[in-house]
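The block underneath contains the structure these notes are about, expressed in structure tokens.
Where a number appears in this text, it was derived from the coordinates with a stated rule and is not lab data. Bear in mind the structure is a predicted one, so any value in this text is a computation, not a measurement. Cβ coordinates were reconstructed from backbone atoms using ideal geometry, including for glycine residues, and neighbour counts include every protein chain displayed.
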Amino acid sequence: MIIKIANLSLGRHVFDFTEKVEDIELNEPFFGEINTKVILNKLSDQLIAEVSSVVSAEFECDRCTCKFENQLTSSYQMIYLMRNDKTESDDINVTYINRETDKISLRNDVREFAILSIPMKKLCKEDCKGLCPRCGIDLNHDECKCQKEEINPVWLPLIENKDKLNNKKRNR
Ligand SMILES: [Zn+2]
Ligand SMILES: [Zn+2]
């Protein structure tokens with residue numbers, strides 16, 4: 001994921017990279033290859049890169065614990081600004097380079113943004129019913145009778161109160 005910029009003409013250039021995830025140090029839950037498309041616009045004093053990646057990952061569902069695969073896409077913009085001093089940019093979308101820089105590597109940024117694309121909530125499907133908290137049966141495939149059985153006595157007074165309130169409302 002290296003782009004040679006030294007002899008690159010001004011203007012728009014498109015690059016495609018396909019690499020094994022381990023080659024850019026992406027570990028679990030990622031697997032297989034990561035495809036990255038780069039649209040690079042070279043100007044006289046800066047380069048603007050629009051980068052988007054697609055990679056597969058395997059997760060365990062938060063609700064039913066089944067394993068599922070997902071395609072994660074991530075995209076970011078990076079501006080490579082030509083500067084002569086060696087200060088580091090504190091903007092995550094700006095990287096300072098100098099006039100002698102002949103190539104830029106996208107490896108670290110692509111890796112970081114791929115990791116950021118991991119969802120907080122991992123669900124095999126939006127409406128996953130999960131496992132029964134009592135018998136552990138997967139409610140996506142099976143039904144159990146647990147809900148119909150006794151209710152935890154701790155909640156009974158609350159449920160009774162709610163019933164009374166509902167009755168009062170109805171009687172009005
Ligand atoms: Zn699930
Ligand atoms: Zn159950």
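Between L123 and R12, the FRET efficiency from the beta-carbon distance, with R0 = 30 Å, is close to 0.20. Listed values for the range 74-81 are Karplus-derived 3J(HN,Hα) couplings in whole Hz (6.51 cos²θ - 1.76 cosθ + 1.60, θ = phi - 60°), namely 9, 8, 7, 10, 10, 10, 9, 9, and x replaces Gly and Pro.
Each part gets one Cα centre, and for the range 108-131 versus the range 41-76 those centres are 10 Å apart. Cβ under 11 Å from E25's Cβ, E25 left aside: what net charge do those residues give with Lys, Arg +1 and Asp, Glu -1? Overall, the nearby charge balance is -1. In order along the range 3-12, phi translates into HN-Hα couplings of 10, 7, 10, 4, 9, 6, 6, 5, x, 9 Hz, rounded to whole numbers, per the Karplus curve 6.51 cos²θ - 1.76 cosθ + 1.60 with θ = phi - 60° and x for Gly and Pro. Potential lengthening of the chain between V94 and I2 amounts to 31.4 nm, from the contour at 0.36 nm per residue minus the alpha-carbon distance. As a calculated quantity, the FRET efficiency between D45 and D85 at R0 = 22 Å, using C-beta atoms, amounts to about 0.95. Please compute the Cα-Cα pair-distance distribution of the range 1-72 with 10 Å bins starting at 0, giving whole percents from short to long. The calculated distribution, bin by bin, is 17, 37, 25, 14, 6, 1.
Set the Förster distance to 25 Å, then compute FRET efficiency between F31 and S105 from the Cβ-Cβ distance, nearest 0.05. Given R0 = 25 Å and the Cβ-Cβ separation, E is 0.65.
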